[in-house]
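Here's the structure we're looking at; comments come further down.
The values are calculated or read from the model by the stated rules, or taken from the named source; none is laboratory data. Keep in mind that this is a model prediction, so the values were computed, not measured. SASA here: full protein model, heavy atoms, side chains in, ligands and nucleic acids out. Shrake-Rupley method; radii C 1.70, N 1.55, O 1.52, S 1.80 Å.
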Amino acid sequence: MVDQNVVERIKQDIEGNDVVLYMKGTPVFPQCGFSAAVVQVLSHVGVKFKGVNILEDPGLRQGLKEYSNWPTFPQLYVKGELVGGCDIVREMYESGELQTLLADKGVATAA
Ligand SMILES: N[C@@H](CCC(=O)N[C@@H](CS)C(=O)NCC(=O)O)C(=O)O
């Protein structure tokens with residue numbers, strides 16, 4: 001059963017920010033290669049995002065897995081919806097699908 005306080009915090013984050021990356025480490029200092037790769041993609045696309053370091057919060061780390069039904073990190077959310085992890089985000093970036101998704105959802109990018 002997912003902790004409702006954790007669910008509230010997740011909802012506040014993903015509903016209050018267009019793009020949220022739950023990751024290991026911070027955007028400036030990622031502590032996992034998968035998280036670093038998504039930070040790099042988002043930087044290339046030129047989109048502003050909120051990075052949340054799940055290593056600092058074991059409750060959030062577990063709660064997110066249950067909330068999203070996605071067992072690993074990073075997890076990228078756009079406008080409240082889970083897009084996916086590193087593999088999906090990278091594939092979508094390479095095909096141009098990520099840029100299209102952001103444009104369709106009205107998220108500003110510099111690219
Ligand atoms: N194939 C995954 C790779 C990510 C991954 O395997 N993450 C692992 C190791 S960093 C993870 O989050 N494990 C669960 C945990 O550490 O809580 C993706 O596309 O995002």
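Quick check: at a probe of 1.4 Å, how many percent of the accessible area of the range 4-104 sits on carbon and sulfur atoms? Don't skip to the end; give the middle numbers.
Numbers: 2580 of 5370 Å².
Using a 1.4 Å probe with all protein chains present, the range 4-104 comes out at 48 percent carbon and sulfur.
How big is the gap, in Å, between the Cα center of the range 95-111 and the Cα center of the range 52-89?
Going from one Cα centre to the other spans 20 Å.
Rg(Cα) of the chain divided by 2.2 N^0.38 Å? Before the final figure, lay out each step's value.
Values: Rg = 13.1 Å, N = 111, 2.2 N^0.38 = 13.2 Å.
For the chain, the normalised Cα radius of gyration is 1.00.
Would you list, by chain and number, the aspartates and glutamates whose Cα falls below 18 Å from the Cα of K48, excluding same-chain residues fewer than 8 positions away?
Counting by Cα, and skipping residues close in sequence, K48 has these aspartates and glutamates nearby: D13, E15, D18, E81, E97, D104.
State, as an integer percentage, the relative contact order of the chain based on alpha-carbon contacts under 8 Å between residues 6 or more apart. Intermediate values should be presented prior to the final figure.
Details: 161 pairs, mean separation 36.3, N = 111.
Averaging sequence separation for qualifying contacts and normalising by length gives 33 percent for the chain.
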